[in-house]
1. Picking from Ile51, Ile24, which residue would you name as being under 11 Å from Glu69 (Cβ atoms) and without any contact (Cβ under 8 Å) to a residue 40 or more places away in the chain?
2. In region 33-56, what residues are in a strand (DSSP E or B) and surrounded by 14 or more Cβ atoms within 10 Å (Cβ to Cβ)?
3. For region 15-32, how many residues are of a type outside the set (A, V, I, L, M), out of contact with any Asp or Glu (no Cβ under 9 Å at 6 or more places or on another chain) and either in a strand (DSSP E or B) or over 14 Å from Met1 (Cβ atoms) (or both)?
4. In region 27-43, how many are in contact (Cβ under 8 Å) with a residue 24 or more places away in the chain and either closer than 20 Å to Pro73 by Cα or polar (S, T, N, Q) (or both)?
5. Scan region 65-81 residue by residue and report those that are part of a loop (DSSP other than H, G, I, E, B) and either loosely packed, with under 10 Cβ neighbours inside 10 Å or at positive phi (or both).
6. Check Leu62, Leu30 and return the single one that is crowded, with 16+ Cβ neighbours inside 10 Å, of a type outside the set (Gly, Ala, Ser) and within 10 Å of the chain's Cα centre (by Cα).
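Throughout, read-outs are computed from the coordinates displayed, never taken from laboratory work. The structure displayed is predicted, hence computed values, not measured ones. Cβ: placed from backbone, ideal geometry, glycine included. Neighbour counts: every protein chain shown.
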Amino acid sequence: MKISVAHARGAKGNWYHLDLPEPITAAEALRASPVFQHYPDLDLETHRIGIFGKFCTPDTELKAGDRVEIYLPVQREPDADEDEEED
C-alpha cells in the first residue's frame, strides 16, 4: 500500500513515500520511515500525529494514499501586554 510520512521543521520539511504491506497503523508507518533517523528528538509518546492535518492516534489504520504527519508542539511567544504586566 502506498502511503507517505511527512514532518516539517521551520522552513525545512521531509516527505517520505513508502510502499508497505496492509494493514498498517500510523505508528507502524512512522517507524518504517526514516523520519526518526533524521529527527531523533521526535517521539511517538510526546509528539502528536495526524493524517492530512487531522489528529489521529498511533493505532489508526491507514488507507492507501494517506499522509501521516508528526508534529512539533506549538511554541507561543508571550504577548507584549503580558510582558508589561510582569513589570
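1. Every option except Ile51 fails the conditions.
2. Hits for region 33-56 are Ile49, Gly50, Ile51, Cys56.
3. 5
4. Qualifying residue count for the region: 7.
5. Scanning region 65-81 gives Gly65, Pro73, Val74, Gln75, Arg76, Glu77, Pro78, Asp79.
6. Exactly one residue qualifies, and that residue is Leu30.
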